[in-house]
There are 2 protein chains.
Amino acid sequence: MSRSDGPLPPGSVIGILGGGQLGRMLALAAARLGMKTHIYCPDPQSPAFDVTPRKTVADYDDEPSLAAFAAAVDVVTYEFENVPAAAAAFLAKRKPLRPGANALAVAQDRLAEKAFLTINRIPVAPFAAIPDAGVLASELREIGLPAVLKTTRLGYDGKGQRTIRKRSDAAAAFAALAPKPLVLEAFVAFEKEISVVVARGLDGKTAAFEPAENTHRDHILKESRVPARVSSKTASKAVETATAIAKALDYVGVLGVEFFLSKRGKLLVNEIAPRVHNSGHWTEAVSITDQFEQHIRAICGWPLGDPSRLADVVMENLIGDEVLAVPQALKRRSRPQLYGKAESRPGRKMGHVNRIGAKTGPK
Amino acid sequence: MSRSDGPLPPGSVIGILGGGQLGRMLALAAARLGMKTHIYCPDPQSPAFDVTPRKTVADYDDEPSLAAFAAAVDVVTYEFENVPAAAAAFLAKRKPLRPGANALAVAQDRLAEKAFLTINRIPVAPFAAIPDAGVLASELREIGLPAVLKTTRLGYDGKGQRTIRKRSDAAAAFAALAPKPLVLEAFVAFEKEISVVVARGLDGKTAAFEPAENTHRDHILKESRVPARVSSKTASKAVETATAIAKALDYVGVLGVEFFLSKRGKLLVNEIAPRVHNSGHWTEAVSITDQFEQHIRAICGWPLGDPSRLADVVMENLIGDEVLAVPQALKRRSRPQLYGKAESRPGRKMGHVNRIGAKTGPK
């Protein structure tokens, strides 16, 4: 096997686009496997810069910096789905980009994502592309109320979306988000939100973590609980679906898939994230191989690790000033992870704490 | 509370003397708590340099470098017991040194260590200071055969010692090790070697991990197994003894205590290490708080974490070329930690693998 096809040996350099907490935790996991990491991020205050001596501070469209970065690393990965397509293509010509540009293209655009899922017979909420206010009006009749109007790109944590509860809300919602490309989605009256983090290796093998049950506050993930309080049939279906998505994308790495579980017990995919996922941070405390190590194993061509879980767990995000309660308020059987961000701001994810229980089976 | 007495806040800088695998794993644990680390080591190839941007490459007697290091950090710790006393004193005047100089002085010198333990009524094998060949001859009559002649300082992994099996071995053993200060120890026909890693916080509270059962090969630790196959009475006694040592030293941080368990069931302290310990690497895979995080918590004045264990475990050191079997030979339910050393040499610790079982109680 050539170096680019076989497993990367320990001592190889992993290039990571993005220097936030996900890049930081990927770098820590890579170190555990004897790998070096090089972080590329435009923000000189990136928390991931504190865990490796190798960094590039440059914009994602800075081709000389991208070229030097590619020359300094053995494989390229990323911590966020909004890597510009041009940067991804530029890097992929020079070094293996894992996950590949295809996964980025699908995950960056809500419309492309929903089309991809639909083509692959994976259930999503009813949706429609919204080029203008007239189509919005007609699609609201088709899809029904309430519905959610979203930008197709760059939305996260509730940003870039408006809920339309009555027909007269439509004009204001459209005005707030246009002229960006928009998608209208049926509002899902869900009973629970669950998510699955699945890994796929370079050899095509897959390994999924158990589903987590997620609770949001102000559109930001607050808590993930494992095992999720869903039927074993629902849990299996979620794992099967996430695995099918990874295969359909010919994916390499760790993929996060968020689901709505409707009151009638139907699973709909809400969105996919081609990266380690906040709702998988619980794995770090109780899984034999956690999502960060699993991603590094996958992109390095290593055999995937064992996703088995040793205990029940509730992961709680520390948002804004909640981080100030650490260390004094740390409870027994809890394992903190702080992101090393210099400044806490409202809504900013500053760290998380895993609270570890006894082991029970899937609920 | 002043900054030096209260808990150090996240974002503080921990100075670590020594850049080997222990310093590296301490730095990784510090990052999980949102701390920054600065590694001080004379070896420019130190593996710990790969996990932080902050480093000093200088000798331990380089006072300008030590002064600049002290100015750049909030607390100083170390990964090895042979920190020169002058460097420790120099740094302790400028920043909190944890564990303190007292622990270093005791642990650096086998004779001081045994005297300290004896004064504290902690059982050790019979021993005697050996200033010359005449005393060696008389002490061999007193202590009996076989016995082990050791340098009082700087021995590790079987280096700096000779076993004397018959009286006629004595002259050669003395010649090989003199003129260094020497100590003669009775040879303990032990049934098992066990060890306890205990932490003591700045508030005086202690938390011990369960004893590990250790197997050596060529004088190098090969395997640590938890739970140790000893009676619960022996396990409790070992934990009590380690805790008593930490208290007697007014210790802050993690301390490793190695024991011989004699065939008659008696526990003798073999040696103590004022640092995280190879026989505590299992904690990283199965403990809620591992020894590295526990050490960082202690030296930062944080409340100690929970040393509870989630599963049974066998930690195996990867020595020399054994590391080359990674990743291909990684087994299910195993968690690797590689140290990122550029070159594998015979006898060099390159990494370890924790093999994780189901949970059972102490044996």
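Remark: residue B:102 falls outside the filter, which requires a residue to be surrounded by fewer than 21 Cβ atoms within 10 Å (Cβ to Cβ) and assigned to a loop (DSSP other than H, G, I, E, B). Within segment A:325-340, if we keep just the residues that are more than 8 Å from every other protein chain (Cβ to nearest Cβ) and either closer than 19 Å to residue B:30 by Cβ or at pLDDT below 90 (or both), the residue that is surrounded by the fewest Cβ atoms within 10 Å (Cβ to Cβ) turns out to be A:331. Among the criteria (1) open to solvent by less than 60 Å² (accessible area, probe 1.4 Å); (2) part of a strand (DSSP E or B); (3) modelled with pLDDT of 95 or more, the one residue B:225 does not fulfil is (1). All of B:124, B:188, B:198 fail the test of being within 26 Å of the chain's Cα centre (by Cα), farther than 30 Å from residue B:302 by Cβ and modelled with pLDDT of 95 or more, apart from B:124. Here residue B:362 clears all of (1) at pLDDT below 95; (2) surrounded by 22 or more Cβ atoms within 10 Å (Cβ to Cβ) except the condition numbered (2). Scanning segment A:251-270 for residues that are in contact with a Leu (Cβ under 7 Å, 6 or more places away or on another chain) and over 15 Å from residue A:118 (Cα atoms) yields A:252, A:260, A:261, A:262.
Can you name every residue in segment B:28-69 that is over 22 Å from residue B:343 (Cβ atoms), in contact with a Gly (Cβ under 8 Å, 6 or more places away or on another chain) and within 13 Å of chain A (Cβ to nearest Cβ)? Listed by number, the residues that qualify are B:31, B:34, B:35, B:36, B:37, B:38.
Considering each of A:296, A:288 in turn, give the residue that is more than 8 Å from chain B (Cβ to nearest Cβ) and open to solvent by less than 10 Å² (accessible area, probe 1.4 Å). Can you show your working first?
Values: A:288 fails: more than 8 Å from chain B (Cβ to nearest Cβ).
Answer to the check: A:296.
Cβ-Cβ contacts under 7 Å between residues 6 or more apart (or on different chains), taken from a first residue in segment B:309-334 that is within 25 Å of residue B:345 (Cβ to Cβ) to a second residue that is among the aromatic types (Phe, Trp, Tyr) and assigned to a loop (DSSP other than H, G, I, E, B), are listed as B:315/B:282; B:327/A:302.
Residues that are buried (at least 23 other Cβ atoms within 10 Å of the Cβ) and not hydroxyl-bearing (Ser, Thr, Tyr) were ranked within segment A:250-266; the one that is farthest from residue A:20 (Cα to Cα) is A:261. Exactly one residue out of B:93, B:114 is farther than 21 Å from residue B:161 by Cα and basic (Lys, Arg): that is B:93.
Looking only at segment A:64-82, count every residue that is part of a loop (DSSP other than H, G, I, E, B) and at pLDDT 95 or above and tell me the total. The qualifying residues number 4.
Among the residues of segment A:302-323, write down those that are of a type in the set (A, V, I, L, M) and within 9 Å of chain B (Cβ to nearest Cβ). Show your work before the answer.
To start, the set of residues in segment A:302-323 that are of a type in the set (A, V, I, L, M) comprises A:304, A:310-311, A:313-315, A:318-319, A:323.
Once the filter is applied, which keeps residues that are of a type in the set (A, V, I, L, M) and within 9 Å of chain B (Cβ to nearest Cβ), segment A:302-323 yields A:310, A:311, A:323.
Where strands (runs of 3 or more DSSP E) fall entirely within segment B:1-63, none has at least 2 residues that are open to solvent by 50 Å² or more (accessible area, probe 1.4 Å) and small (Gly, Ala, Ser).
Among the residues of segment B:164-221, write down those that are basic (Lys, Arg) and either more than 25 Å from residue B:100 (Cα to Cα) or surrounded by 23 or more Cβ atoms within 10 Å (Cβ to Cβ) (or both). Walk me through it before giving the result.
Step one: list which residues in segment B:164-221 are basic (Lys, Arg), which gives B:165-167, B:180, B:192, B:200, B:205, B:217.
Residues satisfying the conditions are B:165, B:166, B:167, B:180, B:192, B:200, B:217.
Filtered by the rule that a residue be open to solvent by less than 10 Å² (accessible area, probe 1.4 Å) and under 23 Å from residue B:339 (Cβ atoms), segment B:299-324 gives B:299, B:313, B:315, B:317, B:320. Per the listing A:170, A:137, A:88, A:128, the residue uniquely free of Cβ contacts under 8 Å to residues at least 24 places away in the same chain and either assigned to a helix (DSSP H, G or I) or of a type in the set (A, V, I, L, M) (or both) is A:88. Restricting the first member to segment A:256-277 and to residues that are more than 14 Å from residue A:208 (Cβ to Cβ), and the second to residues that are of a type in the set (Asp, Glu) and part of a loop (DSSP other than H, G, I, E, B), the beta-carbon pairs closer than 7 Å and six or more apart or on different chains are A:273/A:81; A:274/A:81; A:275/A:79; A:275/A:81.
Residues checked against (1) closer than 30 Å to residue A:73 by Cβ; (2) of a type outside the set (Ser, Thr, Tyr); (3) surrounded by 16 or more Cβ atoms within 10 Å (Cβ to Cβ):
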{"residue": "A:96", "(1), (2), (3)": "yes, yes, yes"}
{"residue": "A:109", "(1), (2), (3)": "yes, yes, yes"}
{"residue": "A:120", "(1), (2), (3)": "no, yes, no"}
{"residue": "A:143", "(1), (2), (3)": "no, yes, yes"}
{"residue": "A:147", "(1), (2), (3)": "no, yes, yes"}
{"residue": "A:151", "(1), (2), (3)": "no, no, yes"}
{"residue": "A:159", "(1), (2), (3)": "no, yes, no"}
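The values are calculated or read from the model by the stated rules, or taken from the named source; none is laboratory data. Just so we're clear, the structure is a prediction, and the values are computed from it rather than from any experiment. Here the Cβ is made from the backbone with ideal geometry for all residues, glycine too, and neighbour counts use every protein chain on show. What goes into the accessible areas is simple: the full protein's heavy atoms, side chains included, and nothing from ligands, DNA or RNA. Shrake-Rupley method; radii C 1.70, N 1.55, O 1.52, S 1.80 Å.
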